[in-house]
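Note sheet for the following structure.
The values are calculated or read from the model by the stated rules, or taken from the named source; none is laboratory data. Here the structure is a predicted model, which means the values were calculated and not measured. Ideal geometry is used to build each Cβ from the backbone, glycine not excepted, and the neighbour counts take in all protein chains shown. Only protein heavy atoms, including side chains, enter the accessible area calculation; ligands, DNA and RNA are left aside. Shrake-Rupley method; radii C 1.70, N 1.55, O 1.52, S 1.80 Å.
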Amino acid sequence: DPIAREFRLDQECAERLTTERNRLIQHGRDYVAKELRFVEGLELSERLRSEARVARELEDVQGDESQEDIEDLVDEILDDEGIGWDEDE
């Protein structure tokens with residue numbers, strides 16, 4: 001039945017997209033945690049605020065982004081928060 005096949009394919013596609021979205025969100029959370037470890041003098045409250053903002057922004061991830069897109073998003077958020085690190089370190 002072509003209608004049932006199309007429905008099944010749509011379901012599979014939606015499941016793959018959801019899985020990829022969840023993977024990208026986790027990648028973003030892991031990435032921000034890793035990046036914040038390298039920032040000297042960062043207070044716990046600043047770290048938590050930045051991680052919370054990243055988590056909120058990651059809710060908009062659709063699942064079709066790349067890991068690089070997610071890393072760029074996290075980097076932009078950290079820049080907006082005024083959190084940076086010395087490129088030489």
Just to check your reading of the model, which residue among Glu40, Glu81, Glu35 is open to solvent by less than 90 Å² (accessible area, probe 1.4 Å), touching a Phe, Trp or Tyr at 6+ places or on another chain (Cβ under 8 Å) and acidic (Asp, Glu)? Glu35
List every residue pair whose Cβ atoms sit under 7 Å apart, with the two residues 6 or more apart in sequence or on different chains, where the first one lies in region 56-79 and is closer than 22 Å to Glu15 by Cα and the second, anywhere, is exposed (fewer than 12 other Cβ atoms within 10 Å of the Cβ). Gly63/Thr18
